[in-house]
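The values are calculated or read from the model by the stated rules, or taken from the named source; none is laboratory data. Since the model is a prediction, treat every value here as computed from it, not as a measurement. Here the Cβ positions follow ideal geometry from the backbone for every residue, glycine too, while neighbour counts run over all protein chains shown. Only protein heavy atoms, including side chains, enter the accessible area calculation; ligands, DNA and RNA are left aside. Shrake-Rupley method; radii C 1.70, N 1.55, O 1.52, S 1.80 Å.
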Amino acid sequence: MKNTVFLNSKKLNFDNNIDFSNLNNFTKVTQYDSSAESEILERIKGQNIVVTKEFPLSGELISKFPPSVELICEAGTGYNNIDIKTARKKNITVCNVPDYSTDAVAQLVIAFILNLSSSLSKQQVMIKQNNFDNFSKDLQVPHFEVKEKTLGVIGAGAIGQRVIKTALALGMKVLVYNRSVKAIDNVKFVSLDELLEKSDFVTLHCPLTESTKNLIDRSKLNLMKSSAFIINTARGAIIKETDLIEALKNKEIAGAALDVQYPEPPAFDNPLFSMDNVILTPHIGCKCIESRQRLINLLGKNIESFINNKATNVVN
């Protein structure tokens, strides 16, 4: 039986409600709530499979992995935290778990759109500040229907397509920017610039790569309508944060809803926390109890497939 070590399982099982028992059917699992980088080499001795959740595994560290390590599993979708080139040189397979949080992330995006269209967060802040003008006077905040508004979707993978499906059901028009045109009904594929110029809401669903880092910078934000909102549930570094802050301060765009930041967690004196046209959440898109349990179940299938010489979801 193969030996598996999960180096930071508390990152996933922070509420102790996740059932890991399915992993024990085909591998012996050792779990650590968290691991310092200095502890890793000792903890992976004699282990065949290393599981991490959003934990940085540098090339320098992977190069020191013992020969027993055959597989690194990222317990999530994004694997930019793992030096897959060094892993390949060491003949270590790297896999991830795509699609486990598709429904949850898409749900959050739609929640952001509906919140922003009704200024729900702004209204609640006003109440907390004992400002009851919305009740005693005419409505003091923007409030509009999303029907017939244009949603720009950057990245048409599983999550992007689920967002598109829901947006169409709400009567929204949808523009898509993707590396390739896909067969999706009732949407229009356009250039990134055209999408930014015409969209009332822009939502990001592309992976973080060298080509997408700081994809949305000052020049791209300048293309957006002053009434438009940007939503990011993908990776924080896809947006150049300093440029976004300036655009929000100057009301060059209407607002932002960000479930991801760079770095995470952000500095608590970050100006985004104090802006009334920003919604911030702490990377909750993938943290629904159902999504996290599905992740473990799919992680188990990855490990089982690898043990049976039929590796799946290999990224290197």
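Looking only at segment 264-276, decide whether some residue is modelled with pLDDT of 95 or more, part of a helix (DSSP H, G or I), open to solvent by 30 Å² or more (accessible area, probe 1.4 Å) and hydrophobic (A, V, I, L, M, F, W, C). Yes, the conditions are met somewhere in segment 264-276.
Counting the residues of segment 167-194 that are within 19 Å of SER117 (Cβ to Cβ) and open to solvent by 50 Å² or more (accessible area, probe 1.4 Å) gives 4. Among the residues in segment 77-86, are any in the same structural domain as LEU299 (by the TED database) and exposed (fewer than 14 other Cβ atoms within 10 Å of the Cβ)? The answer is yes, given that some residue of segment 77-86 is in the same structural domain as LEU299 (by the TED database) and exposed (fewer than 14 other Cβ atoms within 10 Å of the Cβ).
The set of residues in segment 28-41 that are polar (S, T, N, Q) and either part of a helix (DSSP H, G or I) or surrounded by 21 or more Cβ atoms within 10 Å (Cβ to Cβ) (or both) contains only SER38. Selection of segment 195-206 for residues being under 18 Å from ILE159 (Cβ atoms) and either of a type in the set (A, V, I, L, M, F, W, C) or open to solvent by 80 Å² or more (accessible area, probe 1.4 Å) (or both) yields LEU195, PHE201, VAL202, LEU204, CYS206. Among the residues examined, ALA254 qualifies as crowded, with 17+ Cβ neighbours inside 10 Å, within 20 Å of VAL163 (Cβ to Cβ) and not β-branched (Val, Ile, Thr).
Whenever a residue of segment 1-16 is under 19 Å from GLU304 (Cβ atoms), its partners that are among the hydroxyl-bearing types (Ser, Thr, Tyr) and open to solvent by less than 20 Å² (accessible area, probe 1.4 Å), lying with C-beta atoms within less than 8 angstrom and at least six residues away or across chains, give the pairs MET1/THR27; LYS2/THR27; ASN3/THR27; THR4/THR27; PHE6/THR52.
Restricting segment 135-152 to residues that are under 10 Å from MET172 (Cβ atoms) and of a type outside the set (Asp, Glu), the residue that is most open to solvent (accessible area, probe 1.4 Å) is LYS147. Figure legend. Inter-residue proximity from segment 29-53: first residues farther than 19 Å from ASP83 by Cβ and at pLDDT 95 or above, second residues among the hydroxyl-bearing types (Ser, Thr, Tyr) and in a loop (DSSP other than H, G, I, E, B), beta-carbon distance below 7 Å, spacing 6+ or different chains. Indicated pairs: GLY46/SER68; ASN48/SER68.
For segment 42-69, the set of residues classified as more than 25 Å from GLU210 (Cα to Cα) and buried (at least 18 other Cβ atoms within 10 Å of the Cβ) consists of ILE44, GLN47, ASN48, ILE49, VAL50, PHE65, VAL69, listed by residue number.
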